[in-house]
1. With the full set of protein chains in place, find how many percent of the accessible area of the chain is carbon and sulfur; take the probe as 1.4 Å.
2. In nanometres, what is the gap between the two model label sites at Asp143 and Arg42, each 7 Å from Cα along Cα-to-Cβ?
3. Which residue, Glu227, Glu108, Glu252, has the most motion in a Gaussian network model of the chain that connects Cα atoms within less than 10 Å?
4. Measure off 7 Å from each Cα along the Cα-to-Cβ vector at Val85 and Met263, then give the distance between these two points in nanometres to one decimal.
5. With every protein chain kept in place and ligands, DNA and RNA left out, what is the accessible area per residue of the chain? Probe 1.4 Å, answer in Å².
6. What is the extension gain from Ala28 to Lys128, computed as 0.36 nm multiplied by their sequence separation minus the C-alpha to C-alpha distance, in nm to one decimal?
7. Going by alpha carbons, how many degrees (0 to 90, nearest 10) lie between the helix axis of 7-22 and the longest principal axis of the chain?
8. I'd like the projected area of the chain, averaged over all directions, using the convex hull of its alpha carbons. Report it in nm² with one decimal.
Amino acid sequence: MTFEVPQAELADLERRVRHALRTADDGALDVLGHGEITLVLRLRTATGSYACKRLPAFPDPARFDRYRACLDAYLHRLADRGLTVAPTEVWHTRGPGGSVVAYCVQRELPAARLCSRLLHTEDEVWAKTFFGRFLDLVCAAVDPAVGLDAQASNWVDTDGTLTYLDVTTPLLRDARGRERLDVRLFFTSLPWLLRTPVRLAMSKSIFDKFYAPRGVLLDFLGNLHKERLGALVPAFLDEANARLNTPLTAAEVAAYYREDARMWELIQRLRAADRFWHRKVRRRTYPFLLPPPVDR
Ligand SMILES: Nc1ncnc2c1ncn2[C@@H]1O[C@H](COP(=O)(O)OP(=O)(O)OP(=O)(O)O)[C@@H](O)[C@H]1O
Ligand SMILES: [Mg+2]
């Protein structure tokens with residue numbers, strides 16, 4: 001245990017989340033941040049403030065136990081490779097019909113120290129030293145069995161240390177290159193149209209990029225466009241290419257970002273439609289908290 005998860009307060013947060021989902025009104029939830037898939041909620045308590053990341057519901061305790069083992073293995077592997085990861089605990093409770101509802105919980109870290117923010121607020125000298133440290137970490141951590149989603153918004157820089165935040169989707173592969181994560185479960189929040197077996201098979205290629213430094217860096221650089229930080233790409237490219245056998249080009253980064261943006265836009269539109277279908281047509285609770293639309 002790295003910290004005590006405030007049990008009663010989390011149970012109360014989950015009650016509020018269920019209420020928000022049931023009433024289709026998440027306006028009263030305290031949102032700390034979001035990624036492409038979901039919202040991160042803030043929980044203020046007497047012992048401090050926490051970042052709470054709700055996972056897709058696990059159909060049974062065995063599926064939940066497997067997730068937990070996978071997350072633990074991932075956290076250990078990253079630590080072994082010298083990465084500082086935000087201490088992460090898992091809290092869970094029973095959901096409807098024997099299911100398990102769980103959250104990854106971290107202490108709230110200062111938003112002003114988020115690297116996607118610092119790349120806007122700090123100067124070029126900071127950006128350069130940041131990128132050098134970042135490259136060292138990515139090159140030490142990533143290989144065909146251990147992946148990283150290294151976007152700038154997944155790191156916090158405090159006291160000269162880069163801390164990695166985004167561990168809810170553990171990127172670990174077995175010796176045969178199969179995802180150890182229950183990918184099918186983590187795709188339940190995608191509309192059924194995207195969940196066909198063919199598309200699940202495609203997920204292999206979607207995940208591939210996270211398991212090689214070149215792919216991780218391509219994704220990082222591409223996402224700078226989303227963060228309106230495209231001006232940094234040329235300087236970062238030179239530094240990144242000094243470490244890569246096959247250099248990246250500015251055109252490849254731009255094309256990658258256009259493709260990635262198109263994919264996420266499509267997913268967001270389909271999910272919004274799916275939510276509408278649940279709520280307005282079938283009159284059922286839509287079970288996921290969706291992030292706001294992103295301006296790409
Ligand atoms: N411990 C934390 N302290 C402060 N802010 C956080 C913390 N964890 C997450 N956040 C905020 O929430 C955002 C999203 O968090 P995170 O990257 O963990 O999830 P995600 O991107 O939604 O994951 P996924 O990409 O798997 O959907 C971060 O970019 C950051 O703004
Ligand atoms: Mg993230």
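1. Numbers: 8280 of 14920 Å².
Here it works out to 55 percent.
2. 4.0
3. Maximum fluctuation in the GNM of the chain, among the listed residues, is at Glu252.
4. Distance between label points: 2.3 nm.
5. On the way: 14920 Å² over 296 residues.
On a per-residue basis, 50 Å².
6. Values: separation 100, 0.36 × 100 = 36.00 nm, distance 3.98 nm.
My answer for the length gained is 32.0 nm.
7. Between the helix axis and the principal axis of the chain, the angle is about 80 degrees.
8. Values: hull surface 63.5 nm².
Over all viewing directions, the chain projects a mean Cα-hull area of 15.9 nm².
The values are calculated or read from the model by the stated rules, or taken from the named source; none is laboratory data. Computed from a predicted structure; not experimentally measured. Every residue, glycine as well, gets a Cβ built from its backbone with ideal geometry; the counts of neighbours run over all protein chains shown. All accessible areas refer to the heavy atoms of the entire protein, side chains included, with ligands and DNA or RNA removed. Shrake-Rupley method; radii C 1.70, N 1.55, O 1.52, S 1.80 Å.
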